[in-house]
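Notes for the one structure printed next.
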Amino acid sequence: MTMLIRKVWGPPGTGKTERAMQVMAELLSDGYRPGEVAFVSFTRAAVREAQGRIGQRFGLDLRPSRGGKVGTVHSLCYWLLGLTRERIFGRNDWRAFYAEQRLPFTDALPDDDAALYEPWEPPGTREGDIFHAWHDWARNGRLSPEEARRYSPGHGLDFNPGRMVRLAAAYQAMKERMGKVDFCDMLETALSLRLGARQLLVDEAQDLSPLQQAVVDGWAQEAEGSSYFYDPDQAIYGWQHADPAWLLSLDGEEEYLERSHRVPAAVAGYANNLIAHNRSRPARRFMPTTERGELVRGAEIERVIEDIQHGPVGDTWALLVRNRFLLSRFTQPLIEANIPYRNLRGRSPLAKVAESVLTALRQGLPKPRGLSHARWAYYQGVVGRWGVAALEGRPPVTVGTIHSVKGREFDHVAVLPDWAYRTQEGAEEDAETERRVWYVAATRARRRLYLL
């Protein structure tokens, strides 16, 4: 069977996901049934956006849990394998493994979201963190044991290949004993399974690891046609061996989108000047929106907090750091200023607000028992400025790492320039990959970008 390949690429905000929806509409009009068209993306944000657009435009629910084929690579594998959450080796299982092996670790593991999993940034610098990062690195890269021995955790940290191999054996034994699988197990098992899609649409394709790419390639081989939507300048998962070179060399019908519907001129100018230093990238034009926008250089965090407090209600904000340990640089000032926020890579006072607390705030009752005075004061301050709805709905401010907002956009974005020693070492070894990370951060902004 001759497989038709379509390649759609362009800078941030140029409508790649919208173009994917147009392609899906064309396929459905041509007689393909909804279950015969698969939309696969690397990020949860892109999948949720696509699911929302499909529901709005076509009146269809194509989530894998409903028999459809719109999801992340991992979620499609999850449903193909007929797994349940109880079968996934999750956060608490990792804690049990660390305890069994007496491994120190940084307790910042992702939530157990088996249905919409996406990779997290490498963890900290303790031995358990190094094992976790090495194990994912080796398996996503489909490396042999010999190749996996060349791993370097950076920052002068010790790396003992023999010990890592022994820990991997203990980890595998624990999974088998518990009857559970991890996310790499899901992908490896799915290599031998058919997706059953006649047309395959792959969004954020530049971020696929070799293992994810192998799964997607297997699904593409069984399809009549495949479409890839990507931007080489947004490839920021290099630690999982993601490399867009395979897309650039792929033969197929090519379509380039140059006009951004998101990024204003001032922000686009900064982003273009930054990424232009990268030499291993295809030449292309990046046309910003007609809005000028604003670039604020050298601002202090206090300026951002003040602008949030006095800005228009309804504006969205992203406060971004390069490494997770820096999150408190934003979260503490937000708490002190009684600003509601969600934390994509850590804890937030609004993660779970008890119904008793909401009732007390609505009815003006005293502080519920068991709640700290500091937390109660914060809730009261938030309600006084933003209303009770701020504790129940999505807060206007999002705090996270740069990687955690991939595929998202905000009215205002503030980026903290600090980073970890390991990130510094990585930038010295491969400046181009690090520039792509900061390029992604800058281009999340629809109106204003703060470079702190």
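The values are calculated or read from the model by the stated rules, or taken from the named source; none is laboratory data. Values in this document were obtained by computation on a predicted structure and should not be read as measured data. When we count neighbours, we look across all protein chains shown, and the Cβ atoms used for this are built from the backbone with ideal geometry, even at glycine. We work out accessible area using only protein heavy atoms, side chains counted, and drop any ligands, DNA or RNA first. Shrake-Rupley method; radii C 1.70, N 1.55, O 1.52, S 1.80 Å.
If the chain linking D61 and A374 were pulled fully straight, counting 0.36 nm for each residue of separation and taking away their Cα-Cα distance, it would gain 108.4 nm.
Straight-distance candidates among the aspartates and glutamates for linking to K352, with alpha-carbon spacing under 18 Å and chain neighbours fewer than 8 residues away dropped: D111, D112, D113, E392. Evaluated with a Cβ-only charge set (Lys, Arg +1; Asp, Glu -1), the chain carries a dipole of roughly 1160 debye about its Cα centre, given to the nearest 20.
Excluding ligands, DNA and RNA, the accessible surface per residue across the chain is 45 Å² with a 1.4 Å probe. Annotation for segment 166-238 versus segment 1-72: alpha-carbon center distance of 18 Å.
Rounded is the label for the chain. Its Cα gyration tensor axes, ordered a ≥ b ≥ c, give a/c under 1.5.
Here K367 is the anchor, and the aspartates and glutamates within straight C-alpha reach of less than 17 Å, apart from those fewer than 8 places off in the same chain, are E355.
Note on the chain: with neighbouring protein chains present and a 1.4 Å probe, carbon and sulfur make up 48 percent of its accessible heavy-atom surface.
Could you pull out the pairs from K175/K406; K7/K406; K16/K406 whose alpha carbons sit more than 22 Å apart here? Result: K175/K406 exceed 22 Å.
Straight-line cross-link reach from K69 at under 12 Å between alpha-carbon atoms covers these aspartates and glutamates, not counting any fewer than eight positions away in the same chain: E36, D61.
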